[in-house]
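Structure, as structure tokens:
Derivation of every value follows stated rules applied to the coordinates shown; laboratory data play no part. None of these values were measured; they are calculated from a predicted model. So basically every Cβ, Gly included, is an ideal-geometry build from the backbone, and we count neighbours across all protein chains shown.
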Amino acid sequence: MAINDYSEEQLFTALRNADSAGDKTGAQRIAGLIQQRRSTQNQDSNPITEAGKGLLQTGVNVANIIPEIADAFMSELRGRVIS
């Protein structure tokens, strides 16, 4: 069976089981499989997709500026009215 035949949750369960059983060699092998899988997933990311995600997050951040300013302004006004 290939590494992709198992979910990450299954691999972590196997890692915990091997560790609990004192199977140091097995635990190390499973931990290596988890690391291998994660590094493969990171390498598969598309640079254009990643750039798009960054641009989208920038847009969200810019869109949040005005509400944040309004909240700060309203908090200041409430503070002055109460005082």
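Can you give me the Kirkwood hydrodynamic radius for the range 3-43, using every pair of distinct Cα atoms, in Å to one decimal?
Working: mean 1/r = 0.0976 Å⁻¹.
It works out to 10.2 Å.
On a 0 to 90 degree scale, rounded to 10, what angle separates helix 65-82 from the longest Cα axis of the chain?
That helix lies at roughly 60 degrees to the long axis.
I need 38, 80 ordered by Cβ neighbour count within 10 Å, fewest first.
The order, fewest Cβ neighbours first, is 80, 38.
Expressed as a fraction of 2.2 N^0.38 Å, the rule-of-thumb size for a compact globular protein of N residues, what is the C-alpha radius of gyration of the chain? Numbers along the way, then the final one.
Numbers: Rg = 24.1 Å, N = 83, 2.2 N^0.38 = 11.8 Å.
Rg over 2.2 N^0.38 Å, computed on Cα atoms: 2.04.
Using alpha carbons only, how many degrees (0 to 90, rounded to 10) separate the axis of helix 47-63 from the longest principal axis of the chain?
Relative to the chain, helix 47-63 is tipped by roughly 30 degrees.
Using alpha carbons only, how many degrees (0 to 90, rounded to 10) separate the axis of helix 24-43 from the longest principal axis of the chain?
Helix 24-43 sits at roughly 50 degrees to that axis.
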